[in-house]
């Protein structure tokens with residue numbers, strides 16, 4: 001037993017890759033990359049910084065002396081200044097120019113944006129793989145009739161593939177939102193303590209063009225084309241809101257999918273994968289509980305609950321900044337990403353191995369389809385010379401009898417047999433059997449599925465072809 005609480009998002013659910021993005025090592029190494037980019041750019045802009053100093057910084061970019069930084073932070077109670085000091089211990093020649101002109105948010109906020117942007121890349125990769133799995137599944141079963149449900153009551157026939165297309169369409173909408181948000185991401189850049197760039201203007205003796213060029217250089221060295229044009233001390237906290245909203249949107253889609261899967265597994269029409277040695281219940285050995293779908297629901301609920309925090313944080317920032325964002329961001333932002341990472345891993349895992357029980361689907365259709373076919377039967381009989389009012393009353397009576405057979409006595413639906421036995425229905429047995437063929441009731445479900453995937457999904461998958469082929473194995 002471990003002595004202290006550990007976050008299960010790390011120990012049970014999220015991937016090592018996502019967890020690594022929010023590690024101290026990733027954060028502090030990115031801080032050093034930013035300090036190098038700043039010093040090198042300032043040198044290139046003519047400030048009194050030597051190549052030797054920049055090279056010294058680069059030589060120690062990766063080997064962080066954490067013991068020195070941690071001891072210093074205990075003294076000064078400031079993480080950025082502790083790491084400036086620790087970097088300076090390793091780089092005595094460059095110590096005097098580290099962080100020149102910058103404020104803490106230069107490293108803190110720019111690093112956050114870089115980490116979130118990189119994490120969104122991983123989310124995108126897993127999202128399109130889940131989409132690929134659903135796309136393949138939807139096409140495979142595009143023509144397999146299944147009973148549709150509204151209000152979880154029997155409704156018109158759809159197809160297994162068309163239902164999967166509904167799940168897929170949610171992910172397509174999430175994809176477009178994700179691309180939009182990623183396209184809007186920019187660095188905070190070099191803005192100084194209240195966003196006015198006054199310290200950098202001082203360094204360059206009032207030359208505004210040089211300040212702008214310096215910021216551009218630093219952004220480019222960090223792999224970004226631009227920074228926010230205006231900020232306070234921090235980047236606009238609305239960016240966090242937009243990011244978590246996208247993650248929450250994906251969680252909504254996954255939640256819906258997982259709920260449908262749990263109901264379908266209850267109906268014994270579809271199941272999530274079930275491992276050979278998996279135990280469904282400690283007491284009921286026969287059970288095959290939909291635990292993966294349930295975990296999707298559980299984690300999705302958590303992400304949805306987190307989405308309010310960035311919105312409140314963005315709403316309550318005073319003027320150029322307050323510090324009531326910091327603790328909240330440390331909790332909400334990493335955990336939102338870790339949870340959605342876990343959700344997508346499970347989503348991929350489930351959709352890689354969906355099980356379809358076609359006989360059960362056909363059985364349930366056979367129980368309900370005769371009732372749905374009655375209007376077609378009535379119309380055909382009238383065309384053949386029958387009396388509509390008389391036949392309508394007969395169908396009503398026989399439907400009540402068939403319903404009683406099903407609900408009271410647990411017998412198969414015998415409505416078609418009752419109609420076949422009554423000569424007043426001017427259709428023969430072969431015609432009646434054709435009328436209750438489920439494929440005659442799917443409308444355009446198969447074509448809708450194919451058209452949707454061809455027109456909307458395939459272009460996305462083609463664009464991100466290099467990301468496909470990812471599989472997900474769950475640790476628990």
Checking the structure you have, find out if any residue of the range 86-97 is under 26 Å from residue 337 (Cβ atoms) and buried (at least 17 other Cβ atoms within 10 Å of the Cβ).
no
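Looking only at helices (runs of 4 or more DSSP H) that fall completely inside the range 127-225, which ones have 2 or more residues that are in contact with a strand residue (DSSP E or B) (Cβ under 9 Å, 6 or more places away or on another chain) and within 30 Å of residue 469 (Cβ to Cβ)?
Details: elements: 160-184, 198-203, 208-221.
Correct list: 160-184.
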Starting from the range 55-81, take each residue that is on the phi < 0 side of the Ramachandran plot and surrounded by fewer than 13 Cβ atoms within 10 Å (Cβ to Cβ) and list its partners that are modelled with pLDDT of 95 or more and in a loop (DSSP other than H, G, I, E, B), counting only C-beta distances under 9 angstrom and pairs at least six apart or across chains.
59/91
Residue that is surrounded by the fewest Cβ atoms within 10 Å (Cβ to Cβ) [pool: residues in the range 103-113 that are touching a helix residue (DSSP H, G or I) at 6+ places or on another chain (Cβ under 6 Å) and in contact (Cβ under 8 Å) with a residue 40 or more places away in the chain]:
111
Test: residue 466 is part of a loop (DSSP other than H, G, I, E, B) and within 43 Å of the chain's Cα centre (by Cα):
no
Among (1) assigned to a loop (DSSP other than H, G, I, E, B); (2) loosely packed, with under 12 Cβ neighbours inside 10 Å; (3) over 46 Å from the mean Cα position of the chain (by Cα), where does residue 430 come up short?
(1)
If you take the residues in the range 205-247 that are surrounded by 22 or more Cβ atoms within 10 Å (Cβ to Cβ) and within 19 Å of the chain's Cα centre (by Cα), which one is nearest to residue 355 (Cα to Cα)?
247
Go through the residues of the range 183-203 one by one and say whether even a single one is out of contact with any helix residue (DSSP H, G or I) (no Cβ under 7 Å at 6 or more places or on another chain), closer than 30 Å to residue 363 by Cα and surrounded by fewer than 22 Cβ atoms within 10 Å (Cβ to Cβ).
no
I'm checking my understanding of the structure. Among residues of the range 453-474 that are loosely packed, with under 10 Cβ neighbours inside 10 Å and in contact with a helix residue (DSSP H, G or I) (Cβ under 8 Å, 6 or more places away or on another chain), which one is farthest from residue 126 (Cα to Cα)?
473
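Run down 404, 397, 393 and say which single residue is surrounded by fewer than 14 Cβ atoms within 10 Å (Cβ to Cβ), over 43 Å from the mean Cα position of the chain (by Cα), under 30 Å from residue 160 (Cα atoms) and at pLDDT 90 or above. Show your work before the answer.
Details: 397 fails: under 30 Å from residue 160 (Cα atoms); 393 fails: under 30 Å from residue 160 (Cα atoms).
Result of the check over 404, 397, 393: 404.
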In the list 351, 313, which residue meets the criterion of being in contact with a helix residue (DSSP H, G or I) (Cβ under 9 Å, 6 or more places away or on another chain) and over 26 Å from residue 13 (Cα atoms)?
313
Tell me which of these residue 413 doesn't satisfy, since it passes every other one: (1) within 21 Å of residue 146 (Cα to Cα); (2) outside any loop (DSSP other than H, G, I, E, B); (3) touching a residue at least 12 places away in the same chain (Cβ under 8 Å).
(2)
If you check every pair at least six apart or on different chains, which have Cβ atoms under 7 Å apart with a residue in the range 264-292 that is on the phi > 0 side of the Ramachandran plot and surrounded by 10 or more Cβ atoms within 10 Å (Cβ to Cβ) first and a residue that is modelled with pLDDT of 55 or more and outside any loop (DSSP other than H, G, I, E, B) second?
268/360
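The values are calculated or read from the model by the stated rules, or taken from the named source; none is laboratory data. What you are looking at is a predicted structure, and each value in this text was computed from that prediction instead of being measured. Ideal geometry is used to build each Cβ from the backbone, glycine not excepted, and the neighbour counts take in all protein chains shown.
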